[in-house]
Structures are given as C-alpha cells and as structure tokens.
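Asker: Structure provided below as structure tokens; questions to follow.
The values are calculated or read from the model by the stated rules, or taken from the named source; none is laboratory data. Being a predicted model, the structure only gives us computed values, none of them experimental. For neighbour counting, all protein chains shown are included, and Cβ atoms are generated from backbone atoms with ideal geometry for every residue, glycine included. Only protein heavy atoms, including side chains, enter the accessible area calculation; ligands, DNA and RNA are left aside. Shrake-Rupley method; radii C 1.70, N 1.55, O 1.52, S 1.80 Å.
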Amino acid sequence: VFGAAPPIQPRKGGSRTVIFTGNLAPYQGIDRMLEAFRSVRARRDDVRLVIATEDRFEAYERYAEELGVRPGIDVRQVSFSEVPELLSDADVALNPRVSCDGLPQKLLNYMAAGKPVVSFQGSAKHLVNGENAVVVPDNDTEAFAAGIERLLADDALANRLGEAGRKLVRTTLSWSGAAERIEALYHGLL
C-alpha cells in the first residue's frame, strides 16, 4: 500500500504540512498535539495540520478554537485506503500518543511511507532520537513543537530520518524480519 516516498523538497511560497492519522480517542493525545501545533503556528504561519481520521473532530473543535489553531487545521474524514496518498503529501508525521504497550500502527505506516516522525517517547520504544525519528519526552509539548520545526527547517535531516524509518520497518519491524529473527532463535536453541 505504501509506495516509495519522494524526497522532501524545499517549497517556495507554499505551505508545509504536518499530519496525524488515526482515531481521535483520548489516548491518542490530540490535545497535546493541538498545544504543540499552537507553538509551531506562533512562529510559522505557513504550517498546516492535516488530521486524517474516520472520526468526527467535534470533541476537539472548541479546544482548537480556544488555542487559536482551528484555521490552520484540515480535518479529513477518510478511510484507511486514502491514508497513503495523504501521507505522501505531508512533510512531517505526528505521533502525540504518550503510552503504548507495543508500537502504534500509525508509526509503522508513517515509516513505511518514508515520512520523518515526531513522537513522544512512551509510544516510540523502537525508535532512536536523531537516528530514525525525533523522539521527545512524554507530555513536553514545547519539545514536540521544536521537533516539528526542526524537521520543517532541515529537509536533509527530514529525508534522512524518513529513509532510516523506512529501512527500520522493512528490515526489523516487518513480518518477514520478525520471522527471520524467530527462525534464527529456534536454530540457535537446536
């Protein structure tokens, strides 16, 4: 489903896009993402937030308006099959979730699409800050905002992290990679 990601190119006169995909349940950290987006928009009015979801945004409308960021948000009610196209148009992918037992599916999708990721530490256990993503301390919305701005300001870094994330998904986090590791473990035990 996720094809090759074209390198991020500097855009002249256009807006930059950050994206969140998935449901809007409270555990996703939408409130923290909106707070971080407020900080980004205070310094960069060329940035838009795309929220791609099957859910309705009404639970967050008032908060987004109070923060003054609602005009910079595009809520797209889409099915999962439409997510790859939206990801291909985005500059940075966001994971504002602070807790997850495993690895959020959205991170795998973001990395498979070759997108640079900003994530809170608690749900990014398989990621290494500066190596394959920007990983920030949990609940630190200012650090989250700074991570977004860093990737928007440095296309070379964004491309490097996006490619490193894609490589991680293909080599380590794929079903075939997991099967190879399990098979090697069994051979070692025999």
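Asker: Can you pull out the residues in the range 96-113 that are closer than 18 Å to residue 163 by Cβ, open to solvent by less than 10 Å² (accessible area, probe 1.4 Å) and not hydrophobic (A, V, I, L, M, F, W, C)?
Answerer: Residue satisfying the conditions is 110 alone.
Asker: When you check residue 119 against the structure, is it of a type in the set (Ser, Thr, Tyr), within 15 Å of residue 162 (Cα to Cα) and open to solvent by 10 Å² or more (accessible area, probe 1.4 Å), yes or no? Even if it seems obvious, please write down each step before you answer.
Answerer: Values: of a type in the set (Ser, Thr, Tyr): yes; within 15 Å of residue 162 (Cα to Cα): yes; open to solvent by 10 Å² or more (accessible area, probe 1.4 Å): no.
Answer is no for this residue.
Asker: Can you report the number of residues in the range 147-162 which are open to solvent by 30 Å² or more (accessible area, probe 1.4 Å), free of Cβ contacts under 8 Å to residues at least 60 places away in the same chain and either closer than 23 Å to residue 29 by Cα or part of a helix (DSSP H, G or I) (or both)?
Answerer: Counting residues in the range 147-162 that are open to solvent by 30 Å² or more (accessible area, probe 1.4 Å), free of Cβ contacts under 8 Å to residues at least 60 places away in the same chain and either closer than 23 Å to residue 29 by Cα or part of a helix (DSSP H, G or I) (or both) gives 4.
Asker: Same structure, new question: All but one of (1) without any contact (Cβ under 8 Å) to a residue 40 or more places away in the chain; (2) open to solvent by less than 10 Å² (accessible area, probe 1.4 Å) hold for residue 31; state the number of the condition that does not hold.
Answerer: (2)
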